[in-house]
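Take a look at the structure set out below.
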Amino acid sequence: MTRLGFRECGVTAFCPGGVRALALSALMTWVAAVGAAAQTSSTLTGLVVDSITRAPLVSAHVHFVDEDRHFVTTDVGRFLILDAHGDSVTLSIDLIGYRTAQWRVAVSDEALVFPMVREAVDVGGIEVEAEAAQRRAELSTPVSTTRMSEDEVTRERGQTLGATLRDVEGVAVIQYGPSIAKPVVRGLHSQRIVVSNGGVRQEGQQWGGEHAPEIDVFGVHEIEVVRGPGSVLYGSDALGGVLRVEPAAPPFGSGLGGEYVLNGFSNNRQVAGSAMVEHGRLRFPLLGEVGGRLRASLRKSGDASTPDYNLGNTGFTELNVSTALGWVRPWGGVKVDYSLFTTDIGLFSGAHVGNFDDLIRAMEQGPAETEFTYAIDSPKQDVVHHAVRLAGHGHVQGLGVVRGVYGFQLNKRREFDSHGPLANRERAAFGLDLYTHSLETMLDHDPIGPLRGTVGVSVSRQGNLSRGKGFLIPQYRSYTGALFASEEAAVGRATVSGGLRYEHRWQRVFEFQDVGIDVPDETRSYDGLSGSLGFSVPFLQDWSIGGSLGRAWRAPNVNERFSQGVHHGTAQYEIGDRTLESERTWNTDLTLRRAGDRLDIQVSAYRNAIDNYIYLEPRDPIQTIRGAFPAFNFRQVDATIEGGEASITARPVSHVQISGGVSTVRGSERGSEEPLYDMPADRLRGSVRALLPSSSWAVEPYIEVGVTAVREQTRVPGGTIYALPTDGYQLVHAEVGATSLNLWGRHVDATLEIQNLFDTSFRDYLSRYKLFVDDPGRDIVLRLRIPLGTSH
């Protein structure tokens, strides 16, 4: 048992001026006061760790023997006991795979470390250790998945959700500078990737190439990437896969707690912070004891820079607020939460030019010289996203667990251009208001023979209002309904799974008439079946092989059928095709896995054959009254996307971890074998992490060095300047950090990372500014997380 010196201290942080900064500063002050109030002499804080690796132990049972009270450690191994009476207390701690231990400790304002000794437990001849359940789950999954835990999300957190996923195999990122990063899974993105946020499908004009998910990464608890259309639970559109984002559940039974999270990014001089307060024993009339959480986050960024020049008008500001309440009873539980995401994003001014000559000159000569600034001018985006979720579950005797979730989302997007009379620039070039209601009810039924699974029904209503002085897409309304079932069964040592989903969509587009634009009042319906069949077979020790066959479809989006105008976020002119039909795909996937103490391996290969694949085909630039813009037509072809990814994590000795991964994608038209536009280049990454000895001031300190190598993308469609190949590049990063540091008398989770260590100039093929400028250069990233009070 070790004392960590958990004492009160003042923590100051710079926040930019303005009402938003003032609001966040006030909240942080309140959280600090709350956290300080919780640190009284009758409070005992502990950290439960592995006695050898010093890794925090999750879900350990802590028994306060003197008062017969029980606690469970959090995802970072911590617990806190309020109102511990007496000068000393007796604690008993147990966890499967570890020897039960008992301590008599003095109550003080210092945190204590409780090391647990690992031991094997024999249950019917099966060795059960702490990680056994998770390994079995990984080995029995037929589809290719990657899960990022809370600690991994905290350590890898970038400026956006997409940037946080940048090192996951099979995931690439469409970039508009550092402010917009759109995930690409196996070559597919936007409406072909379903983002599930807290069990509700994220709806926010995701069809736009620069419309990134409106999710506060500070509020993300864990992320799971499901590659390919292997799941029928998330909707018919998931041709490329699912990003399952989970916020932390409201606390139950614990006392007052919270956290500060502070991030700094040197390249664009960004300061980012988040403050959270929570309590697991709030009391409400009629409801009794309730768990609640409140979080506010702020980001303020200026212009990004390449190794050679400033990227004008690429700053952004982001302010987010979220709150959640939940309660659990013997019959089930209910949770309600609300989130507000707001951002103002500057768009690189050099991509918006006045005529063809300026366009060619901008591509050949590079950007005009600009000075760094935090100011955001047109062209820009203003985005506001409201989300309300109400979820509940109940146990029904003899039937199973009934779950339901209702979601309401309002997405308000405004895009401003930089051309035209100054007096008119304050009015949005176009605005979109998207209203979405969704309701899903599921039954996780009791076993029926060998079958375990879920059946359910899903309905949604969506309405889009178009505003502003220009036109991009018309107003529309749509209704969607679906029935689905997903089952799995153990057959010997193998696991077999299957699912089926029927979905019907009704869509009405409202008439719009203007000069050169003719959108009729039109109603169309789409329907289809999605399905999957998979297996997973374990072999040898810690190995399994799994495969899946998936069928999916996607109705054409309104923008693909009716776009006609300048999309200022992407600085391109888009032309729709109202004759487009639904995409339909057959996907095959094979995955080999190993999950062991010293070696984890995952190797996947896939083939996605898509009929009626819809994509933007580059064409000659178009001159408009607002300037000259690259132009694209929506086109439909039969296509094949195939490739693979592999990842490995090896721990040859206790203090060294070696990680690596590779991803490759090949997309082409069937018949002509013409390469598809927007396929990611081949990518290879590798890193070595040295784990240093823990001490009284640092738990699990480490040093890491890694490299990412991206191959030149030569598989590009011919006949257009927009598809010019980009050179390959290599980037080196270095990082130091620790699971927990004792700084300023508090526990602090800290990392310091240098991305693009040698300040290399490069242009990624998926960068939307690659025709004009390099990608941003070296970035020094500091991440601090300061737990407060009970929960952490």
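Each value in this text was obtained by applying a stated rule to the coordinates, not by laboratory testing. The shown structure was predicted, so the numbers you read here are calculated from the model rather than taken from an experiment. Because the Cβ atoms are built from the backbone with ideal geometry, glycine has one as well, and the counts that use them run over all protein chains shown.
For the ranges 214-223, 379-388, 654-663, what's the packing order if you count other beta-carbon atoms within 10 Å of each residue, average per peptide, and put the highest first?
Values: 214-223: 23.1, 379-388: 20.6, 654-663: 16.5.
Highest-to-lowest ranking by the protection proxy: 214-223, 379-388, 654-663.
ALA375 to VAL117: extension gain in nm, 0.36 nm per residue of separation minus the Cα-Cα distance?
Values: separation 258, 0.36 × 258 = 92.88 nm, distance 5.51 nm.
Between ALA375 and VAL117, full extension yields 87.4 nm more.
Report the extension gain between HIS655 and LEU399 in nm, rounded to one decimal, defined as 0.36 nm multiplied by the number of residues separating them, less their alpha carbon distance.
Taking 0.36 nm per residue and subtracting the Cα distance, the gain is 87.3 nm.
Could you give the nm distance between label points at ARG578 and HIS70, where each point is 7 Å from its Cα heading toward the beta carbon?
So the two model labels end up 6.5 nm from each other.
Give me ARG186, ARG403 ranked fewest to most by other Cβ atoms within 10 Å of their Cβ, as a rough exposure proxy.
Going from least to most buried by this count: ARG403, ARG186.
Among THR708, VAL383, GLY481, pick out the residue whose Cα is farthest towards the positive end of the charge dipole of the stretch 243-789, where Lys and Arg carry +1 and Asp and Glu carry -1 on C-beta, about the Cα centre.
Selected residue: GLY481.
Counting other beta carbons within 10 Å of each residue's own, what order do VAL566, VAL113 fall into, fewest first?
In order of increasing Cβ crowding within 10 Å: VAL113, VAL566.
If the cut-off is 27 Å between C-alpha atoms, which lysines fall inside it for LYS412, apart from same-chain ones fewer than 8 positions away?
Partners within reach: LYS182, LYS300, LYS335, LYS380, LYS469.
How much length would be gained if the chain were fully extended between ARG147 and ASP597, taking 0.36 nm per residue of separation minus their Cα-Cα distance, in nm to one decimal?
Here the answer is 160.3 nm.
How much net charge surrounds TYR260 when only other residues with a Cβ under 12 Å from its Cβ are counted (Lys, Arg +1; Asp, Glu -1)?
+2
Considering only the other residues whose Cβ falls under 9 Å of the Cβ of GLY534, what net charge follows from Lys and Arg at +1 and Asp and Glu at -1?
Values: positive: none; negative: GLU488, ASP589.
Its environment carries a net charge of -2.
Sorted by packing (mean other beta-carbon atoms within 10 Å per residue), highest first, where do 156-167, 59-70 land?
In decreasing order of mean packing, 156-167, 59-70 become 156-167, 59-70.
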